[in-house]
Structure formats: C-alpha cells, structure tokens
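*Asks:* Dropping the structure in here first, questions after.
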Amino acid sequence: MTDLDALQRDALAAVAAAEDLDDLERVRVTFTGKRSELAAAQKGMGSLDADERRRRGQALNAFRQAFTSAFDERHEQLSDAALRARLEAERLDLTLPPRRVPPGRPHLLTQVEHEILDVFIGMGYRVAEGPEAESGTYNFDMLNIEPNHPARQEMDTIYVDGFDDVVLRTHTSPVQARVMTAEEPPIAVVCPGRTYRADAVDATHSPVFSQVEGLVIAEDVTMADLRGTLLAFARSLFGADRQIRLRPSFFPFTEPSAEVDVSFEGSAGNHGWLEILGAGMVDPNVLAACGVDGDRFRGFAFGIGIERVAMLRHGVHDIRELFDADARFLARF
Ligand code: PHE
C-alpha cells in the first residue's frame with residue numbers, strides 16, 4: 001500500500017518548489033490527477049475491510065486537504081509574482097520627454113501671397129488662376145504686345161522647346177486676358193502665380209518669381225477707383241499711416257500707366273518712396289482683343305511683385321534667401 005505520509009511529504013515539497021503557475025499545474029496533475037498514486041490508492045480501497053477502509057479514507061482526505069491548502073497558497077503567491085512581473089515589463093515612463101517635431105508653416109512668400117489675396121477678397125474680388133506654360137497669344141498678342149514689340153525682348157522670355165508659340169509666362173497678365181475672354185463684366189479678380197524671365201540671378205533678380213495680378217472691368221471705372229483701391233491695399237499691408245504716389249509709366253496693355261510707390265518713415269528719421277507695383281487703365285485694344293465692349297466698359301489692372309513686397313515688409317535684402325530653403329532663415333517668419 002502507498003505510504004501516504006511519504007507521498008504527502010513529496011507532494012508538499014514539489015508544491016513549494018514550483019517556480020511558476022505552469023510548474024504548479026504539472027505538480028497538481030502528478031500528485032492528484034487520474035494517473036497519480038493518489039488515484040491508485042483510492043481504487044485500492046475496494047479490497048479493504050470496513051474498518052481499514054474508514055481509516056484509509058480519513059488518511060486520504062487528510063492528504064487531499066493538506067495538498068489543496070498548500071496548492072492554493074502557492075497558487076496565490078505565483079499569481080501575484082506573475083502579475084508584478086507583467087506590470088514591471090509593461091511599465092511606461094510617462095515622464096520621458098517626447099521627441100520634438102518642430103511645427104511646419106507656410107513659406108514667407110506663401111504667407112505674403114495669402115495676405116495680399118485676403119485684402120482683395122475683403123474688397124469683393126475673386127481669385128482666378130491660369131497656366132504657367134502659356135501661349136504667346138495670351139502672354140503677348142491679346143495684351144497689345146505685337147510680335148516685334150520691344151517688350152518681348154525686354155521681358156527676356158523663356159520659350160518652351162518643341163512647341164510653337166508656348167512660353168513660360170513672363171507675367172500674370174495673360175490671366176486677365178483669359179478671364180475677360182471667358183466672363184461677362186462686371187469682373188473683379190486677383191490672379192496669383194509664378195512667372196518666369198531669363199534673368200541672371202543676383203540680389204534682386206530671380207528667373208522664377210511671383211506676382212498677383214488684379215483686374216476690374218465695369219461701367220464707369222476710373223483712375224480714381226484704381227488709386228483708392230491701391231491706397232487701401234498699401235495701408236492694409238504696410239500700415240494705416242502710409243501714402244501712395246503714382247508716377248507716369250508705360251505698359252503696352254494699360255493707358256495711362258503708372259508705377260506705384262508706397263511711402264516709408266525710417267526709424268532714423270529718413271523717409272521716402274518705395275516702388276511696389278505697376279498699374280493702369282486697361283488699354284482699349286486689350287478690351288477689344290478680349291471681346292469686351294469698350295464703349296460700355298472700362299477697367300483697371302495692376303501687377304504686384306510678391307517677392308518685392310515680402311522683402312520690403314520683412315527687411316530681406318537678397319531675393320535668393322527666399323528660394324534657398326535655409327531652415328534658419330525660414331524659421332524667422
Ligand atoms: N504685367 C506687368 C509686369 O509684369 C505688371 C502690370 C500688370 C502692369 C497690370 C500694369 C497692369 O511688369
């Protein structure tokens with residue numbers, strides 16, 4: 001017959017030695033499972049007489065109780081340890097500073113372009129756009145710039161190879177021709193975009209630059225409306241105390257034409273005028289070429305250089321800084 005005292009000693013020692021819950025489960029199966037010595041001892045009970053069976057039964061119960069209580073205690077210890085190990089392993093250090101991702105922002109030129117557009121949108125203008133690779137017809141012919149007009153050379157046009165009559169637009173004025181051709185007056189649009197000229201790069205020139213074109217076509221539009229509009233624009237962008245001045249100039253597509261300056265007061269008490277844009281009353285030839293009834297309608301137009309406005313407003317002295325993608329420069333705006 002199985003020596004239950006020895007069995008109990010071995011079983012309790014095995015429970016105490018179990019290192020984790022899996023181990024403990026194996027101990028349980030070994031000592032109390034279907035193929036265990038305990039099960040065999042239970043089966044052997046049938047052959048005993050009544051007295052012996054009772055004593056044997058009490059001894060088996062005592063073994064089972066001793067085993068169960070040792071098992072439960074060890075089970076609780078090992079569960080606690082497993083939980084603690086898991087909490088330790090999955091610990092998150094919430095005090096660790098996050099990796100710093102510097103916030104992005106629009107480029108200075110984009111900021112200035114949006115500011116310019118906002119001023120005119122506030123006055124009721126719509127934004128219109130056109131292609132950068134433009135036909136010579138829109139870039140020149142419809143704007144009263146004939147094939148042998150010196151302006152074609154002056155503007156240092158970049159022609160697109162392999163195409164007849166396709167240029168990189170030298171200004172945003174072809175967009176006004178496109179709008180006039182497609183829409184009925186009254187018209188009030190601003191047309192932002194990139195423009196191209198075969199200029200050598202220096203502190204004030206870049207072969208790629210950007211303009212905002214403005215166009216108003218309506219009955220009874222006068223040069224006074226143009227002046228009032230540009231004064232409101234200059235004051236919104238540069239300050240409420242500014243003045244503007246119109247100097248006579250020439251553009252093939254406007255008559256009369258003006259160069260527009262904005263006043264400045266330097267901190268050292270110096271003051272003067274800075275040129276910010278070109279403007280004028282739309283030439284009757286342009287109205288006719290674009291299908292606008294020049295007897296009924298008149299218009300004004302202006303062209304603003306975005307780089308120039310950005311440089312004047314923010315004290316940038318070299319246009320190349322606007323295109324260099326130097327993060328230290330760009331972070332200033
Ligand atoms: N298109 C002219 C330029 O690029 C600017 C301009 C636009 C002048 C509209 C008058 C009217 O220089």
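No value in this document is a laboratory result; all are computed from the given coordinates. Just so we're clear, the structure is a prediction, and the values are computed from it rather than from any experiment. FYI the Cβ positions are ideal-geometry reconstructions off the backbone, even for glycines, and counts take in every protein chain you see.
*Asks:* Quick one: work out the % antiparallel among DSSP beta bridges in the chain, nearest 5.
*Replies:* 95 percent
*Asks:* Going by the alpha-carbon gyration tensor, a ≥ b ≥ c the square roots of its eigenvalues, is segment 108-330 rounded (a/c under 1.5) or, if a/c is not under 1.5, prolate (a/b greater than b/c) versus oblate? Each step should come with its number before you reach the end.
*Replies:* Values: a/c = 1.75, a/b = 1.17, b/c = 1.49.
Taking the square roots of the gyration eigenvalues as a ≥ b ≥ c, segment 108-330 is oblate.
*Asks:* Hydropathy at least 0.0 by Kyte-Doolittle, axial extent at least 20 angstrom from the Cα trace: which helices of the chain, defined as entire DSSP H runs, fit?
*Replies:* Numbers: long enough: 50-89 (57 Å, -1.02); 108-122 (21 Å, 0.89); 223-238 (22 Å, 0.86).
Membrane-span-like by this criterion, though nothing is claimed about a membrane: 108-122, 223-238.
*Asks:* Ordered by packing density, taken as the mean number of other Cβ atoms within 10 Å over each peptide's residues, highest first, how do 105-115, 50-60 rank? Intermediate results must be reported in sequence, preceding the final value.
*Replies:* Details: 105-115: 16.5, 50-60: 12.0.
Listed from highest to lowest mean packing, they are 105-115, 50-60.
*Asks:* For the chain, what does -39500 (n - 2.57) per DSSP helix run (n ≥ 4), summed and divided by total residues, give at 222 nm, in deg cm²/dmol to the nearest 500?
*Replies:* Result for the chain, helices only: -13000 deg cm²/dmol.
*Asks:* Looking only at Phe251, Phe233, Phe63, which one moves most when the chain is put into a Gaussian network model with springs between Cα atoms under 10 Å?
*Replies:* Judging by the Gaussian network model, the answer is Phe63.
*Asks:* Something else about it: Computed from the mean reciprocal separation of all distinct C-alpha pairs, what Kirkwood hydrodynamic radius does segment 60-105 have, in Å?
*Replies:* Kirkwood radius, segment 60-105: 14.8 Å.
*Asks:* Classify segment 226-333: rounded, prolate or oblate, from the alpha-carbon gyration tensor (a ≥ b ≥ c, eigenvalue square roots; a/c under 1.5 rounded; otherwise prolate if a/b is larger than b/c)? Working shown, then result.
*Replies:* Working: a/c = 2.84, a/b = 1.75, b/c = 1.62.
Prolate, since a/c reaches 1.5 and a/b exceeds b/c.
*Asks:* Amide H to amide H under 5 Å from Ala258: which residues, 5+ apart in sequence or cross-chain, H placed 1.01 Å off N in plane?
*Replies:* So Ala258 has HN proximity to Ser249, Ala279, Gly280.
*Asks:* Do me a favour and compute the ellipsoid semi-axes for segment 4-89 from its Cα gyration tensor, root of five times each eigenvalue, largest one first, whole Å.
*Replies:* Three semi-axes, in Å: 32, 11, 9.
*Asks:* Another question about this same structure. Taking the Cβ of each residue in Val166, Val189, Val260 as the centre, tally the other Cβ atoms inside 10 Å and list the residues starting with the fewest.
*Replies:* Ordered by Cβ neighbours within 10 Å, fewest first: Val166, Val189, Val260.
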